Structure formats: structure tokens, C-alpha cells
Amino acid sequence: MMKAFMAVLLLFLLHVQVAGAAAKLDVAYASVERILTTRFLTEGGRRYLQGAPEDMCAYAFIQEPRVSAVGERLQIRFLFAARAGKEVAGTCVGPGDNFDIVVSGVPSYGDGELFLEALRFEAEHKLFDVFSKLIERQLTPQMRIRAKPYIESYIAELTAGPGA
């Protein structure tokens, strides 16, 4: 699943290298968002960081990616939803909320890996501190991928031409 995410990042980087116009970048962002939604957020448009779709009282997931860039940093804004509750007498008791989180980093390539360098996780919400360790623990390892096979495949598709 994360391989699809990083492949999208690779395509984004290749597109940014080629595209000069702002309109093309907007299209690239929309494409990255669509691919993230269909290939990375595979549980009904969500990616569970804790729990599962059937859990009603203790869960954490991300959804609704929005991609942009600020300077050299690629930003992916997700809607984060979580509940850290316990069932008591048939009722879920405990904190829960949803808020935007931003995962950002500088797209980099080295030793055959594509990754976001200087990774940051940010949110302006009172409960972010409660969930920040979970978010970082679940998403940090997924921000690296062996990119060489994807680059070779992408180049092969580009050079194959139509009908090949």
C-alpha cells in the first residue's frame, strides 16, 4: 500500500521536473490526491493507524488527502479522526475528535530510495499531542521506498510507445 504512495510521490517529482506552468502542478496535485485515496487509503477511503472499521470506541485513521507544496517541502494534509474511548455500560466514554494534520518533507532520492527528508508532522489542535506519537510511529516508516524498480518501470512505459 505504501509502495503505491511513494510511487505517486515519484510520479509527482518527475512531473514537477517537467511541468513549468502552475496549472500543470494543480493537475499533478489532484492526481496525487486521487491515487492516494484509491491506493493508500484502502479501507473505504481511510487508512487506519489504530483499530479497524468495526471499532466504534478506539480507533484512529486518516482520510481526505490534499497535496500542496510550500517552498521545497511537499505537504500532504489529511483529515485525522480518532477516538480513545472505552465502552462503559453500552456507551463509549473518552476523548475523540477530528482535525487536519500535515505531513511534510523535502522529496529526496539516495541509495536507490525515494523519501521525504526532514519529515514533520503538524497540527493546530489541542488533541494533537495525545495522538502525535501514534501518527509519527505509523507514518514515518512508510515515507521511504526502494524507487529504482518504479523508475525503471516508468521509463519503460514512456519509451515503449503506444501499442507496445
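Where a number appears in this text, it was derived from the coordinates with a stated rule and is not lab data. Just so we're clear, the structure is a prediction, and the values are computed from it rather than from any experiment. Counting neighbours? That spans all protein chains shown, and the Cβs are built from the backbone with ideal geometry, glycine included.
What to note about this one:
- Applying 1/(1 + (r/R0)^6) with R0 = 25 Å to the Cβ-Cβ distance of Thr42 and Glu113 gives a FRET efficiency near 0.65.
- Computed from label points 7 Å out along Cα-Cβ, the spacing between Phe99 and Glu122 is 1.4 nm.
- Surrounding net charge for Phe78, when Lys and Arg each add one and Asp and Glu each subtract one, Cβ distance under 12 Å: 0
- Label-point gap, in nm, between Leu158 and Gln138 - each point 7 angstrom along Cα→Cβ: 3.5 nm
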